[in-house]
Structures are given as C-alpha cells and as structure tokens.
Amino acid sequence: MARTSIEEIAAPPTTPAPPRPAGGGAAIRLSDLWKTYGDTIAVAGCDLSIAAGEFCTLLGPSGSGKTTTLMMMAGFAQPDRGEIFVDERPITKLPPQKRDLGVVFQNYALFPLMTVFENVAFPLQMRHSTRAEVRERVARVLEIVELTGLEARYPGQLSGGQQQRVALARAIVFEPRVLLMDEPLGALDKKLRSALQLEIKHLQQRLNVTVVYVTHDQEEALTMSDQIVVMRDGKIEQAGTPEQVYDEPWTVFVANFVGESNLLEGTITEIDEHEVVIEHPAGRLFRALRRGDARNGDQVRAAVHLERLALTNGEVPTDGNSWPGRVREVTFLGDAVKYAVVVGETRPSLAQTLVVKENRRDAAQRFTAGDTVTVTWAPEYTKILASESSG
C-alpha cells in the first residue's frame, strides 16, 4: 500500500500541470465533502476553508474522519460527493501526482534500500529534473532540516527523529504550496515530539507553505496551529483559532476533547444583559456568560476549565461562583496539583465532583484529602454549551 502511494506521488505527469501562482502557500476549500465505506459514513458533508500560508490541524479521536479527509485532499481516496479546491482550482478529479501537494505519512514511507539523498531526490527525478538541479535542491532542503552530512546513510541507520526529517525533506524538495501531514510525530517519544513540533512550525513559517496536519493530540494542535478543526463522527464539530476552540467550546464534545473541563448542568432562573443564573439539581446556584438564545426555564449544560477554578478555606470572593465541598483526592502532577472536590454531599444522589487544577507556584496553599474547602470561579469562565441537536 505504501509503495503504491509513493509511486503515485512521484510519477511524472502525463500532461502539463496547470500554472500556479508564484510564491507562498495556496488556499484550500472543501465543499460538501462526503465519503462512505460500505454502511459506514467516514466524512459527512465537510465544508472548510483554509487560508494561504495557514497551519490548519484536523483534530479528533480515531474514527472522526480526519485522516479520510486528508487522504481525499491528497487524492488517495475519492469523495462520493463534493469538491476540493486549491486556489479555487478544482482538483477533485486529478490523480495525486497532478495535485502538486507534498505528503508526509504516519509511517514516513521511506525507501529502505535508498540512501537519504536518494529518498529526498526521488520526487525530483520522477519530475525529470536535471542532475545539477537535483543536487542543488537536495542539498538545500537537507540543510533546512539539519541533515547535512547524512546523505549516504540508509533509513535503518537513522533515529526516528531523523527519519521524520527525511520524510519532511522529501515532501518539500519539489516546493509544493500545500503540505499534508498525517500524524507524522505519532511514533516519537514526548520530548522529541515536542521539539519537532516547533521545528515543523518554524519550517512552515519559513517556507510560507500551507499545512494541513492530522493529529489526535490536543496539545500538539494547540501548539502548532493557526486554525484547529475539531472533528467527530465524520463532521466538523467546531473550527477556529486555538484560543477560540479552547476558550469558547461550543459543544460538550469539544469542551471535553480540547483541554479538560468540568461539566455543570441546571436550569436558567435569571437572565440579564451579560450573564445568566443557573440552578444546579443539587440546589446550588452558579452564574455563566449569557448566550444569545438563552431563556428562563431552559435546561442547559456549561463547561469550565479545570485551571479556572481555585480552592480556599478562607475568605470567599463575593463577585464570583463559590461552592463548599470536601477534598476527596489529591493528584501530584509535578508543576501542578489536581484536587477532586465533592460538592453537595448533603444530597448524595445529586452530589458532584469538581476537579480543580492549580499551579503549585501560584497556589495560596496546599490541601489534603478530607479538607473542607470552597471552590470558586468567575462567571466569565463558565461557558454554556450548545445542545447535542444543535452541535
């Protein structure tokens, strides 16, 4: 399978490729994209715009449709319906080798019996570049990815990080305006993965290439992206900047998947211009930012990130939410501490556990299991979520 894909990428075009604008990345647009495998809907009506030079990450769990979407963009899977545009040029019917897209696969798909130089040179040779041009371009791109001096080595003689750089060099050596990356760092350890995340981002900025990047790692998406597209069951759940997706989750799924959130539910009892008052089933009240469609009597769910909550056993702020509770569990995380706090214990069937994450350096004091505390948080950090039907 990998061999066929590589051959398709590198095969010489049988007809001249359409002219492309000079310099920079290309804009991408997906319009009503659908893909099914038997009775399984892999991608369901995907609409997405990616700006030229943008780093866009498709984020979601296994089976969310992110890799299938990328493979349709690359040309390795054909949509059942819909269109793919690069700079408003339709490419849906074009074979992979005519799309002028660089692709980095999850397993790198390097030729084991070719040297580093030969692997990187392969796309240029398939495009019938001159020997002088091949030598010049390969030398330049190996310098960019910091592999100069390793030209004669074979993939089996390289570390995982070096193999990833070879795959990246091969994908950019023919200067594509779009680079597609399918979980390229998934096989690396955390420390190396973190270092290469920044290297890839810096490289993308240096080359001004458009990147579409697939991952299930929320931290990776937040670190690298200009736009994050959260996918679930073949659909786009939410798209926006990392700050928008993290700070303003639209659905329960996004609130749980991007960052860690406490979920609260209840009935709206008061509304003013900016906030609503919500009564929790246990009888406790809390305030949240108002959404435009909020009405008295609505049953709603809200999310608040773990790090937005704080613990105190002293004076309680009067301008925020505060619930008394008892520390049930303490988890040490190195630079932070997580507290599981049970609130509403007087009504056990309706009691809720709130998780508070406090930076050790900023925390006013440390608590232990069994301590009586008050959980506090600001109304502006409490986001009402869309219902499942509207999400």
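Using only Cα atoms, tell me the angle between helix 131-144 and the longest principal axis of the chain; keep it within 0 to 90° and round to the nearest 10. The angle comes out near 20 degrees. When only Cα pairs below 8 angstrom with a gap of at least 6 residues are kept, the chain shows a relative contact order of 15 percent. Helix 160-172 axis versus longest C-alpha principal axis of the chain: approximately 60°, rounded to the nearest ten.
With the highest mean first, a sort of the peptides 62-71, 372-381 on other beta-carbon atoms found within 10 angstrom per residue produces 62-71, 372-381.
Mind jotting down a quarter of the surface of the convex hull over the alpha carbons of the stretch 65-131, in square nanometres, one decimal? It would help to have the intermediate numbers written out before the result.
Values: hull surface 24.1 nm².
About 6.0 nm², averaged over all directions.
As a length-normalised measure over Cα pairs under 8 Å and 6 or more apart, the relative contact order of the stretch 302-391 settles at 43 percent.
Counting only DSSP beta bridges with both residues in the chain, tell me the antiparallel percent, nearest 5.
Counting DSSP beta bridges with both partners in the chain, the antiparallel share is about 75 percent.
List nothing, just return the count: lysine pairs in the chain, 8 or more apart or interchain, with Cα separation under 17 Å.
Lysine pairs, 8 or more places apart or on different chains, close enough: 7.
Only Cα pairs under 8 Å and 6+ residues apart enter the sum, and on that basis the relative contact order of the stretch 232-391 stands at 27 percent. Assuming charge only on the beta carbon of Lys and Arg (+1) and of Asp and Glu (-1), the dipole of the chain about its Cα centre is about 1160 debye to the nearest 20. Solvent-accessible surface (1.4 Å probe) assigned to R360 amounts to roughly 110 Å².
When the square roots of the Cα gyration tensor eigenvalues are ordered a ≥ b ≥ c, the ratio a/c for the stretch 169-225 is 1.5 or more and a/b exceeds b/c, which makes its shape prolate. Dividing the C-alpha radius of gyration of the chain by 2.2 N^0.38 Å, with N its residue count, gives 1.18. Note on N208/R290: beta-carbon distance plugged into 1/(1 + (r/R0)^6) with R0 of 30 Å gives a FRET efficiency of 0.15.
Per DSSP helix of 4 or more residues, -39500 (n - 2.57); summed, then divided by the residues of the chain. What does that give at 222 nm, rounded to the nearest 500?
-7000 deg cm²/dmol
With all protein chains kept in place, the per residue accessible area of the chain amounts to 48 square angstrom at a probe of 1.4 angstrom. In order along the stretch 181-186, phi translates into HN-Hα couplings of 10, 9, 6, x, 10, x Hz, rounded to whole numbers, per the Karplus curve 6.51 cos²θ - 1.76 cosθ + 1.60 with θ = phi - 60° and x for Gly and Pro.
In this simple spin-label model, placing a label point 7 Å from the Cα along the Cα-to-Cβ direction at both A378 and Q78 gives a separation of 5.5 nm.
Once the Cα atoms are used to define both axes, helix 190-207 deviates from the longest principal axis of the chain by about 60 degrees. Just check the stretch 46-171 against the gyration tensor rule for me: Cα atoms, a ≥ b ≥ c as the square roots of the eigenvalues, rounded for a/c under 1.5, and otherwise prolate or oblate depending on whether a/b exceeds b/c. Prolate is the answer for the stretch 46-171, as a/c is 1.5 or above and a/b outweighs b/c.
Does the stretch 169-284 come out rounded, prolate or oblate by the C-alpha gyration tensor, with a ≥ b ≥ c the root eigenvalues, rounded set by a/c under 1.5 and, if not, prolate when a/b is larger than b/c and oblate if not?
Cα axes put the stretch 169-284 in the prolate bin.
The values are calculated or read from the model by the stated rules, or taken from the named source; none is laboratory data. Please read all numbers here as calculations on a predicted model, not as lab measurements. Positions of Cβ are backbone-derived with ideal geometry, glycine not excepted, and every protein chain shown enters the neighbour counts. Heavy atoms of the whole protein, side chains included, go into the accessibility calculation; ligands, DNA and RNA do not. Shrake-Rupley method; radii C 1.70, N 1.55, O 1.52, S 1.80 Å.
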